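Contents: one structure, followed by commentary.
The values are calculated or read from the model by the stated rules, or taken from the named source; none is laboratory data. Worth saying up front: this structure is predicted, and the values here are computed from it rather than measured. Positions of Cβ are backbone-derived with ideal geometry, glycine not excepted, and every protein chain shown enters the neighbour counts.
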């Protein structure tokens, strides 16, 4: 018989997963890097509304979790590029599937499912 509670390992895994993909910006950063938007300035322009500070925090977090790589070209002008690790590519595929599922559900789901109005979002 299975336990009715999550094990410590499961709780730790879910917390770690939530920390990575539960952030408002992580999925967008991973998607952008997966589309070969690899430079910090490009990422900032590609992801509307993200600030430099938040982008840098997300990049550090994704690096810490081993989902992206950072390479720096030496020279007069420092050039930094980011890429997906094999684990990052796997997660990106899953995130794309979730996005596709959401789009499909938005088109075929019950009429009761509506996108919240901006005014309603502000109250949350």
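Just a few scattered comments:
- Members of the stretch 68-106 that are in contact with a strand residue (DSSP E or B) (Cβ under 7 Å, 6 or more places away or on another chain) and in a helix (DSSP H, G or I): 88, 92
- Within the stretch 21-51, restricting attention to residues that are in a loop (DSSP other than H, G, I, E, B) and touching a strand residue (DSSP E or B) at 6+ places or on another chain (Cβ under 7 Å), the residue that is surrounded by the most Cβ atoms within 10 Å (Cβ to Cβ) is 38.
- Residue match in the stretch 54-67 (condition: exposed (fewer than 14 other Cβ atoms within 10 Å of the Cβ), in contact (Cβ under 8 Å) with a residue 40 or more places away in the chain and either outside any strand (DSSP E or B) or at positive phi (or both)): no
- Flag if residue 119 is exposed (fewer than 10 other Cβ atoms within 10 Å of the Cβ), part of a helix (DSSP H, G or I) and at pLDDT below 90: yes
- Scope the stretch 5-14; condition surrounded by 11 or more Cβ atoms within 10 Å (Cβ to Cβ) and assigned to a helix (DSSP H, G or I); matching residues: 10, 11, 12, 13, 14
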